[in-house]
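> One structure follows; several queries about it will come next.
The values are calculated or read from the model by the stated rules, or taken from the named source; none is laboratory data. As the structure is a computational prediction, the values presented were derived from the model and not from experiment. Here the Cβ positions follow ideal geometry from the backbone for every residue, glycine too, while neighbour counts run over all protein chains shown.
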Amino acid sequence: MVTMTVSHKRKDALKDVWDAVSSGWGSVTSGGVWSNAETEQEFEARLQRWENSGLAHEEAKRLGQKPPRAPRGWHKRQYPEIKRGDKAKYGVIGWARAVEVTRGANGWHVHIHAVLVLEGRQQAHERAYALGRSMHVRWNKGIAKRGFTSSKEHGLRVDVSEGAERQLAEYLAKAGEPEKAVRNSVEKAGKALAREATLGQHKIAKRGGRTPFQI
């Protein structure tokens, strides 16, 4: 679960903060950086064009002619890499988003909880945190269009669910654990994230703040 917010002041209107959050999320989940996924065939064709352009550059120099511009990375032999957006790079199967609002001493606090499901368990934590950092870069670009910023300390939070397998293993290791308790522990795995993302109307704001339902 990725939580993202903006820095705000008491004088900021709810509409302005809300629009900034909307702009930020739109920046996160649009464009090639998020969804682009180049096929192997497309990559091979682009790589061939890159090499042909570089060879033409070298040939023109050899003949004493004005060479065409060399492709990016040619002189250092930095070959192009396959284009993969965040969804393909980090294995994002799908996501669900909720917007939460509270009112406190510093005004309207609007933030997003997004639960993302990643494919596979290999390096799951590393991928999740790297994905969160990548999303936060685009988040800042989006909210900047509305005149807002977010800090590294408070603008992004990433929570990773360990999954049901670990919960099940821990409880099965306990001798004599009733089957019902095992089943309940498995069902609880990930529920905290689900509650955080979907049950905003039932929450009580922290540090003296109030949710719209409390107001």
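> For the structure I just gave you, tell me whether Lys61 is loosely packed, with under 14 Cβ neighbours inside 10 Å and more than 30 Å from Trp95 (Cβ to Cβ).
Numbers: loosely packed, with under 14 Cβ neighbours inside 10 Å: yes; more than 30 Å from Trp95 (Cβ to Cβ): yes.
Yes.
> Look through Glu119, Glu100 and report the one residue that is acidic (Asp, Glu), in the same structural domain as Lys11 (by TED's automatic domain parsing) and touching a residue at least 60 places away in the same chain (Cβ under 8 Å).
Numbers: Glu119 fails: touching a residue at least 60 places away in the same chain (Cβ under 8 Å).
Checking each option against the conditions leaves just Glu100.
> Okay, next question. Please enumerate the residues belonging to the stretch 5-25 that are over 13 Å from Glu100 (Cα atoms) and hydroxyl-bearing (Ser, Thr, Tyr).
Passing the criteria: Ser7, Ser23.
> Residue pairs, Cβ under 6 Å, 6 or more apart or interchain, first in the stretch 20-46 and surrounded by 14 or more Cβ atoms within 10 Å (Cβ to Cβ), second aromatic (Phe, Trp, Tyr). List them.
Close Cβ pairs (under 6 Å, with a partner that is aromatic (Phe, Trp, Tyr)) amount to Ala20/Phe148; Gly24/Trp139; Val28/Trp139.
> Against the definition (under 12 Å from the mean Cα position of the chain (by Cα), of a type in the set (Lys, Arg) and closer than 19 Å to Phe43 by Cα), how does Lys87 come out, yes or no? It would help to see each step written out before you state the result.
Values: under 12 Å from the mean Cα position of the chain (by Cα): yes; of a type in the set (Lys, Arg): yes; closer than 19 Å to Phe43 by Cα: yes.
Considered against the rule, which asks whether it is under 12 Å from the mean Cα position of the chain (by Cα), of a type in the set (Lys, Arg) and closer than 19 Å to Phe43 by Cα, Lys87 comes out as yes.
> Moving on to the next point. Which ones in the stretch 145-173 are among the charged types (D, E, K, R) and modelled with pLDDT of 60 or more? I'd like the intermediate steps shown before the answer.
Narrowing the stretch 145-173 to residues among the charged types (D, E, K, R): 145-146, 152-153, 157, 159, 162, 165-166, 170.
Lys145, Arg146, Lys152, Glu153, Arg157, Asp159, Glu162, listed by residue number.
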